[in-house]
Every structure is written in C-alpha cells, then in structure tokens.
Amino acid sequence: MMEALSNFAISWVSPELMGLTALGTFLGIYVGAIPGLSVTMAVSILISFTFSWDVNHALCLMVGIYMGGVYGGSRTAILLNMPGAPSAIATALDGYPMAQKGEAGQAIGLSTVMSVIGGFVGIIVLSIAAPFVSDFALTFQPRDYMMMAILGIMLVGSLAGDSLAKGIFCGALGMLIGTVGLDPLTAEERFTFGVVELWNGINPVAVMIGMFGISEALTQLHHMEKAAVRQKLDKILPAWRDVYKYLPLSLQTSTLGVIVGALPGTGGDIAALMAYDYAKRTTKNPEVPFGQGAKEGLIAPEAANNAAVGGAYIPMLTLGIPGDAVTAVFLGALFIHGLNPGPMLLAEQPEMFWFTVGNLTLANIFVLIFGLTGIRLFTKIVECPKGVLIPLIFLLSVVGSYAINNSVTDIWWMLAFGVLGYFMKLYGFQVGPVILGVILSRLLDENWRRAIISDQESLGMFFGNLFHSPLSTFLFAAIALILVSQTPLWGMWKKKKPSA
Amino acid sequence: MVESTQKQPGETVFGYLMLLLSTFLFWQAYQISGFEALSSPGAFPLAAAGIMVISSCIVVVKNARRESPAHLVQGFFTRILPPLVAIMIALILVYAVVLDSLGFIPSTFVFLLLAIHLLHHRSIISSLVITTGSLILIYVIFRLVFQIILPEGIVPEREILAWLGNLFGSKGN
C-alpha cells in the first residue's frame, strides 16, 4: 500500500515531472481546442521527439496532453460551435447556444469543473478495477488475446467508418504493415523485397504521423475559408450552486463514460453522445430545453468524455489492447519506451501503473487550474489562422519523422502513409483501424501461432477447443455477430422480426 | 454507418487500386512460406492479405452499385485533389528531398515561407516575419531544448553554436 502511494506521488514530488505534466496539460488544452489539431496527432508527433527521454518524463508530457486534449475540445465547441475533438461534438449541442446567449464564461466554467469530476471518477475506477481485470486477464488463452484484438479492430472499424468492409480492410492493412521486416520468431524476411533497410520493419511512429498528422492537415486544406469567430469572454468561474445542483448527473454520466471508455472500439466521443442522450432522457423538466442551451446537455458529455480516459486505460494497461485510435497511439508510445502493457504489467511493474494513476490525477488537477484561468491567452492562441497552423503541422510531421532514426527514409514512409491516409479518409476508409492493426499486429501474430501450435496445427481442434471456454465462446460469438450484422441475411431477419 | 448513395469522384479507381494492392500483397505473403503450416511465418500475413482481398472485393462490388458522380475528372480535381492539396504534397516532397542535403534551417525557411505565403494570403513581409519567428521558435524548442539532431547541410550549425557559446562564455569571464 505504502509502495503504491509512493509510486503514485512520484510526479507530485518531482518539480521536473510536475512541470512536464503541467506543460503537457496546458499544450493538450490548446491542441484539443484548435480545430485541425488532435490529441492523436500531437501524441504521434511527440513520440518521435521524446523517445530518447526517460520513460517517466515522456509519460508525464503525453498523459498531460491526453487529459488536457480531451477537455480542450469543449472550448471551441462552446465558443465557435466547432468541436476541437470528436469527443466534444455533443458539447457543442448545448454549449454553443449558451455562448450565443452571452453565457460562454459560465459554460466554460461549468464544463471545466464537470470534466475534472468526470476525470476523477475515471481514475478512481481505473485504480480499483485494473488489478481485478489484470488478474482475470492472466487466465486468458492465446486465442482469447487474438480474438480480443480482432474484436477491437472490428469495433473501431465498424463504429468509425461508413462500412464494415472498409473498416476490416484498414485493420488488415495495419496488421500487414506491422509484419514487415524479419519475423521475430524465425528471422525469416517478410515483405522486405530484398531491401536490408526493411529488415527492422516500417516504424509505427512514421505510419502514425503520416496517417494522423499529414493526412489530417491535407484534409484541413479543404476548409481554409472557415474563419475563426471572435467571442467576448471575461469571467469563467462557474456558479457553485450549479456545480452542487448538477453533481448527481455528473457522477451518473461519469460512470457511464468510464464503462463506455473501457469497452474496445468506443472512446470519449461515443461516451459523450451516449451521456448526452442519457441526460436528455432522464431530465424531466430542464430549465432551458435541450439544444437551446440546457446546462444538463453541457455537463453530461463533458463529465463522460473525461471519465472515459480512465476507462480507456483499463484495457490498455491490463490487456495491452487499445480501445480506439488515441489509446492505440498511446500504447505504441508505451511499447517504444520499453514498457510491456498487459496482464503482467501490474505484477512485474506495479510502480509504472501507480505512477500513471498518480500522473493522471495530477494532470486532472492541472485541467482545473488551466481550465479556469488564462482565458485571454486562450482566445488569442485559438484564433491562430489555419494558413499558419497547417504549414507548422507539416513541418512538425517531417521533423518528427526524421527524428525517429535521423533518417530520411522515415520521412518517405510518413509521407506515403500521409497521402494514402488522405485519400482513404476522403473515400470513407478510417485511419484509426490501420493504427490499431499496426500496434496489435505482433500480439495477433504471436498469439495465433501459440494457439495453433497448442492445438497441434489443426483448425478443427482450434475451433473445437474454442467452445470449451466461456470467454473464448463469448468473444467468438461477438466477432461472428458483428460480421453477420453486416450481411444481407441480418437485414432480412430484421425486416421479418416486426411481423413475427 | 451509412454509405452515401453517390460515389466520390475517383472512388471506383481507388477501390480497384486497393484490390490490386491487396492481391499483390497476398501474392507476396504467399511467397514467404506458401501454405506450409498454420504456424509458419507467412500464415498470419497471408490471412491478413486474404482479408484485405475479400474486403476490397466487397468495397468494389458496393461501389459498382452506387451512382457515379457527374463531371468525374473535374469533380476529382475540385473535391478530392484540389490544386492546393497537390501543391502542398509536392512542396512537402521537395522539402523532404532537400532537407538532408541543404540542411534544416535553409530548407525549412523556404518551405515555411512558401507554404505560409500560399495558405495565409498576406503580404510577403508578413509571411517573412511569421516564417522567421516560427523557425526560431521551432529551432530553439527542438534543437536546443529537446536536443533533437537535425540535418545541418550547408549551414555550419555546430561551429556557429560553438562560436556563440565561446562568445558568451568569454564575455562572462
């Protein structure tokens, strides 16, 4: 217990680590707030600059950016009706009408406090649930890991894109990218085309920067004409009467957020939309109707999306399986820093777990501090024109890719995946499953081989044994259900159902 | 998860290109160890490439059922690859080519100046000021604070930094 506490407090007592967490949170709020910049993009680029750092230092900066970024998206959603991040889409529904009535300050203040409450709920659930999930995960068979990874990729693919086929294509492409290089078990060449430089594979960071940095910035070039709208803001402290009044709703939607965040394939964006719907259904007589500036419509998604951060950490740290694109990038960062997220993390490196929990708590406190101060600076920075911002994203993407190995080859990969990602996005292919595939490729490959070897290279035995374990059966059924739900058979069954 | 009934310009070609890529990768995956064993190094890539082939076939078939947009070529160059995007891709490409040989400072300066001038639509003086300020900021943060090694190229950066260090060092003595 004392050891856990001392690890929890590492970033609290070191001025350097505390400073980095504060810097990360501060930057994260702006990254989240500026439309065109995303947390995924920022963390992807940051990995390349921080991978030579000590792991604690790098984690402090990235955790801060993640926590701040999820909150930051709400700012522009309220002020400009432009959600800075997908998780803030629901916030704009009532936040912007509040700003139009001149209540922007109050909306920001309230959303800050509720985000922080949501963040704390997420962290508390993470610290309580993770050890149990981790213990349970020790009983997982290799095939369970394999199916869980497939399920995650399929869920992200089906929920984010416009067709499951495209989502699956992207996930498989990612898996294939992850296999390039020498096979880790037999050192056989895979997709190297005789090029020695490819023996080490394609650096996942270059893929991430290309897919999230370059492709996103290129897509932004389509919307250059959208000008920033100025808002007058002075006071942003919320009315404490409101905080007290809406605390029960905030706690309920935080719980919802943390559960949704912990599920594979669902992140803060879905948690926020579900929480908004929950608030709409459970609030009988709102002071202001929903969609016209209801405070309940602002509080629910904000508490939920920040609570989802803690939830998303549960499968990431205990199973080594990310729930969505942001956590996939984050997981990539943890691997690069030599950590091995999975069921053994809590047993072998409990200090890293408690350090992360402590650091998330600290970042959440900084969200409160930065969220309620510095509004003048905020309005100035957020008005940074896209004409300046986009070239800077390109520049950071190029420099970031170069910094991975001090090699131009990584720039080429980054650029190739950036252009591919750009076209994929425009044609309805989501880039999130690609990254998930790249990150999970090794886990999938190794567990598939372990599973099939233990089943004596027999597919019949593999499927037969699958039904001896309730967890394997459940995972297999979930994968099958997602696949069947996309076939014409499902449509026919659904049509028949009402008449039956 | 609803696909629009009308295709984007170039979507059919992109679908076929993805199918072509998948087939090529499937062939390459087969080359690793054929159908030797289910636990062979090639089995997993073969399965992944197979999934790509099947899913890209579905995408191609679905695309064929959707309406084609009017003014295909014109639509492609306005909605998918407008001149601005093509120019920016070309600019990044050139930047990446010259970064190593010319060095970070001159190549980044030219890249930023051109990109900001092209996208920000302000006077050249304003673009110059923003470019210089951004370059200094990025250089200080990444090169001096983060200690990231950036290509020196034609600028003898280390000598300049050493000279500056000596200058301030000797003044301090």
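What the table shows:
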item	result
Percent RCO, i.e. relative contact order, over chain A, from Cα pairs under 8 Å lying at least 6 residues apart	27 percent
Relative contact order [Cα under 8 Å, 6+ residues apart], the stretch A:311-430, whole percent	12 percent
Cα gyration tensor shape for the stretch B:1-95, rounded if a/c is under 1.5, else prolate or oblate	oblate
Centroid-to-centroid separation of the stretch B:117-173 and the stretch A:65-80 [C-alpha atoms, Å]	31 Å
FRET E, pair B:Ile149, B:Ser126, Förster distance 30 Å, beta-carbon r, rounded to 0.05	0.40
Over 25 Å [Cα-Cα, the stretch A:29-148], rounded percent	43 percent
Derived scalar couplings ³J(HN,Hα) [the stretch A:451-466; Karplus, 6.51 cos²θ - 1.76 cosθ + 1.60; whole Hz; x for Gly, Pro]	5, 6, 5, 5, 9, 6, 6, 10, 5, x, 5, 4, 6, x, 5, 4
Projected area, mean over directions - the stretch A:297-386, Cα convex hull, nm²	7.9 nm²
log10 of Debye I(q)/I(0), alpha-carbon scatterers only, for the stretch B:94-146 at 0.14, 0.17, 0.23, 0.27 Å⁻¹	-0.37, -0.54, -0.87, -1.02
Accessible area of B:Val94 in the full protein assembly, 1.4 Å probe (Å², nearest 10)	90 Å²
Tensor-based shape of the stretch B:45-148 (alpha-carbon gyration tensor, a/c under 1.5 rounded, otherwise prolate or oblate)	oblate
Diffusion constant of the stretch A:89-132 at 10 °C, which comes from Stokes-Einstein with the Kirkwood Cα-pair radius and 1.306 mPa s, µm²/s	133 µm²/s
Potential extension, A:Arg241-A:Met344 segment - 0.36 nm per residue separation minus Cα distance	32.5 nm
Pairwise FRET efficiency - A:Asp277 versus A:Trp412, Cβ, R0 = 41 Å, nearest 0.05	0.35
J(HN,Hα) series, the stretch A:404-421, from Karplus relation 6.51 cos²θ - 1.76 cosθ + 1.60, nearest Hz, glycine and proline x	4, 10, 6, 9, 6, 4, 5, 5, 4, 4, 4, 5, 4, 6, x, 5, 4, x
Efficiency of FRET from Cβ geometry, A:Phe132 and B:Phe24, R₀ 56 Å, rounded to 0.05	0.75
Note, ³J(HN,Hα) from phi for the stretch B:106-115, Karplus 6.51, -1.76, 1.60, rounded to Hz, x at Gly and Pro	x, 5, 5, 4, 5, 4, 5, 4, 5, 5
Chymotrypsin sites (Phe, Trp or Tyr not before Pro) within the stretch A:406-435, DSSP loop, no more than 11 other Cβ atoms inside 10 Å	none
Rounded, prolate or oblate (a/c below 1.5 giving rounded, otherwise prolate when a/b exceeds b/c) for the stretch A:390-469 by Cα gyration tensor	prolate
Accessible surface, per residue, of the protein assembly as shown when the full set of protein chains is kept, probe 1.4 Å, Å²	42 Å²
At most 11 other Cβ within 10 Å, DSSP loop - chymotrypsin sites (Phe, Trp or Tyr not before Pro), the stretch A:128-229	A:Phe193
Loss of accessible area when A meets B, both sides summed, Å² nearest 100, probe 1.4 Å	5600 Å²
Accessible area, probe 1.4 Å, largest first, for residues A:Asp242, A:Asp162	A:Asp162, A:Asp242
Top of B:Phe104, B:Phe77, B:Phe26 by mean-square fluctuation, Gaussian network on chain B, Cα under 10 Å	B:Phe26
Relative contact order [Cα under 8 Å, 6+ residues apart], chain B, whole percent	20 percent
Cβ-placed point charges (K, R +1; D, E -1), dipole of the stretch A:255-336 about Cα centre in debye, nearest 20	160 debye
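The values are calculated or read from the model by the stated rules, or taken from the named source; none is laboratory data. Small disclaimer: the values here were computed from a predicted structure and weren't measured. In this analysis, Cβ positions are derived from the backbone assuming ideal geometry, glycine residues included, and neighbour counts consider all displayed protein chains. With ligands, DNA and RNA removed, areas are computed over all heavy atoms of the protein, side chains included. Shrake-Rupley method; radii C 1.70, N 1.55, O 1.52, S 1.80 Å.
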